[in-house]
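Bear in mind that the values in this text are calculations on the coordinates, not laboratory data. Keep in mind that what you see is a predicted model, and the values were worked out from it rather than measured. Cβ placement follows ideal geometry from the backbone for every residue including glycine, while neighbour counts extend to all protein chains displayed.
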Amino acid sequence: MQKSGGDWGIVGVNLMTPPKQREIFEPQGFAYTAVSLAPEGIEPQVIPVLNDVLDAPDDPEAVLSLMADPKIKIVTSTVTEKGYCHFPSTGKLNREHPFIIEDLKDPNKPKSALGYIVRALDRRRKAGIRPFTMMSSDNLPNNGHVVHAVVVELAGMIDPELQAWIEKEVTFPCTMIDRIVPATKPEDIERVAQLTGVYDPVPVMHEPFRQWVVEDKFVDSERPDIGAVGAQVVEDVTPFEHMKLRCLNGTHSSISYLGYLAGKETIYDTVSDTVFAAYCKFLWEKEIIPAVDAPPGVSLEEYTAALFERYSNPSIRHLTWQIAMDGSQKLPQRILETVQEDLDAGRPVKGLSLAIAAWMRYVGGVDERGNPIDVRDPLAEKFKALSDAGATPRDKVEALVGVSDVFPKALQDNKDFVEGLVAAYEGLVEKGARAMAEAVVK
Ligand code: CS2
């Protein structure tokens, strides 16, 4: 904002309660502490960029009138994959979603991010105000297209004229954002207080690495000079998204499911085990890099070697349990698209199939030592019921592959792929995750 000139500012909006974010941020002037966790040392920094923070459930009108204010030029969303209320395998809006049903009831009390976006755009249109740019910052391929499709679909359910105006006037740039930021834990808050002498209940603990790639598609070209602080402003984000989602998130999820089953608490713990380290490198070399077109000038070998260093950062305690969350929303773009491309090209997929089988075992809700797993996923109950109903690994795999919200038809119909999953699942039950990861690499 300093480098851009002008009078840019940022207002944060919290869509879900509790906790009440405004009450937390206001006494500290809306500033917060970001802590860079480098292996060679930790570095706290005060981030004073927020002008205000609003809690939507407490005051929907404050949020809607702000979003309808002509001084708002850009709305960004960081609501996680499931926040788009869509079917991950098709990208279509889930019209039965409880939030979407709420969004349709009262124009002044939306529930989902999409509801706020559509209702605020409607106010702007009716008032003759230019729209804002709608920029998703979530970890989805074609995130601009995803949010565009669901916003337009929801608008169409409200008013076809609004839908047509959005299609004509609003832009939805695609973005790729990369920085490992584990959820803040109570011990982090204590640690930051000791480090800085200041109690901040909302610090952000992050790795040093960062990458931000943005498609240059803003309403009336109005945006701050994000290039001045290292964002890459490009014509096409797709190769960057594929590289990140498949190389980083694909292995992140794979080693999280296997690592969790094997009793590993964090990514660092998992890759410190030579078996899982070799498995992760095997995935890149044999199954993922062959399915990724590198962005111009990027070496995927160097990119993945740097990723391995990032995973091996002992200062980052990124829980395998956290990454394992919401698998139904993550698997398609992180793993299944890669598998499909490998299969189409005649490449083997035994490494990624093991990861999918590990996810299936994970959502069954019991780990290798017989302990229950706290599975967090919008479809958790469905997965548990399907898994419990099957007597054998084969029954369980076939039932879970049948979930069309997650698996595209081409994979459901691919007999060899499904047989591979059955064999991997049986192996997980008989030998365990670590032995199975070892067998893949041999
Ligand atoms: C992680 C990501 O929680 C997860 O699913 O894989 O949040 C990952 O840390 C980020 O995409 C890194 O940029």
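List of remarks:
- Ranked by how many other Cβ atoms sit within 10 Å of their own Cβ, fewest first, the residues Thr184, Thr392 fall in the order Thr392, Thr184.
- In terms of its Cα atoms, the range 28-97 spans 48, 34, 24 Å along the principal axes, sorted from long to short.
- Cut-off of 10 Å, at most 16 other beta carbons, DSSP loop: longest stretch of the chain lacking such GluC sites (Glu not before Pro): 97-221
- Loop trypsin sites (Lys or Arg not before Pro), the range 356-439 (other Cβ atoms within 10 Å of the site Cβ: 10 or fewer; DSSP): Arg369
- In terms of its Cα atoms, the range 353-406 spans 29, 24, 22 Å along the principal axes, sorted from long to short.
- For the chain, the mean residue ellipticity at 222 nm estimated from helices alone is -12500 deg cm²/dmol, where every DSSP H run of n ≥ 4 contributes -39500 (n - 2.57) and the total is divided by all residues, rounded to the nearest 500.
- Against the rule of thumb 2.2 N^0.38 Å, how large the Cα Rg of the range 10-234 comes out: 1.06
- Spin-label pair Thr80-Val429: with each label point 7 Å from Cα along the Cα-Cβ axis, the two points sit 3.0 nm from one another.
- Counted residue by residue at 0.36 nm each, then reduced by the alpha carbon distance between them, the extension gain from Asp106 to His206 reaches 32.1 nm.
- Here the spin labels are modelled as points 7 Å beyond Cα on the Cα-Cβ line, and at Arg369 and Glu381 they lie 3.0 nm apart.
- Full extension of the segment from Ala62 to Asp236, taken as 0.36 nm per residue of separation minus the current Cα-Cα distance, would add 59.1 nm.
- For the cross-link pairs Lys71/Lys105; Lys71/Lys126; Lys281/Lys415; Lys244/Lys442; Lys3/Lys217, the ones whose C-alpha atoms lie over 22 Å apart are Lys71/Lys105; Lys281/Lys415; Lys244/Lys442.
- In the chain, the ratio of gyration radius to Kirkwood radius, Rg to Rh, stands at 0.96 when only Cα atoms are counted.
- Size of charge dipole - the range 238-441 - debye, nearest 20, with Cβ of Lys, Arg +1 and Asp, Glu -1, no other charges: 260
- Rounded to the nearest Hz, the phi-derived 3J(HN,Hα) couplings of the range 71-86 under the Karplus curve 6.51 cos²θ - 1.76 cosθ + 1.60 (θ = phi - 60°) are 6, 7, 9, 9, 10, 10, 10, 10, 10, 6, 3, 6, x, 8, 6, 10, where x marks glycine and proline.
- Dipole of the chain [Lys/Arg +1, Asp/Glu -1 at C-beta], most positive-end residue of Pro378, Gly128, Trp321: Pro378
- Order of Val339, Val202, Val13 - criterion: other Cβ atoms within 10 Å of each residue's Cβ, fewest first: Val202, Val13, Val339
- Estimated dipole of the chain in Debye, rounded to 20 [Cβ of Lys and Arg +1, of Asp and Glu -1, Cα centre]: 300
- The range 10-234 - share of DSSP beta bridges that are antiparallel (%, nearest 5): 45
- Test item: Cα-centred dipole of the range 10-234, Lys/Arg +1 and Asp/Glu -1 on Cβ, debye: 520
- FRET efficiency estimate (nearest 0.05) - Cβ-Cβ, Ser137 to Ser299, R0 30 angstrom: 0.70
- The residues Phe209, Phe282, when put in order of fewest to most other Cβ atoms within 10 Å, stand as Phe209, Phe282.
- Extended-chain gain in nm, criterion 0.36 nm per residue less alpha-carbon gap, Lys281 and Thr90: 65.7 nm
- Spacing of the modelled spin labels on Ala34 and Met1, each 7 Å from Cα toward Cβ, amounts to 1.3 nm.
- DSSP-defined beta bridges in the range 1-140 - what % are antiparallel, rounded to 5: 45
- Backbone N under 19 Å from the Glu161 label point (7 Å along Cα→Cβ), restricted to the range 50-80: none
- The DSSP beta bridges internal to the chain are antiparallel in roughly 50% of cases.
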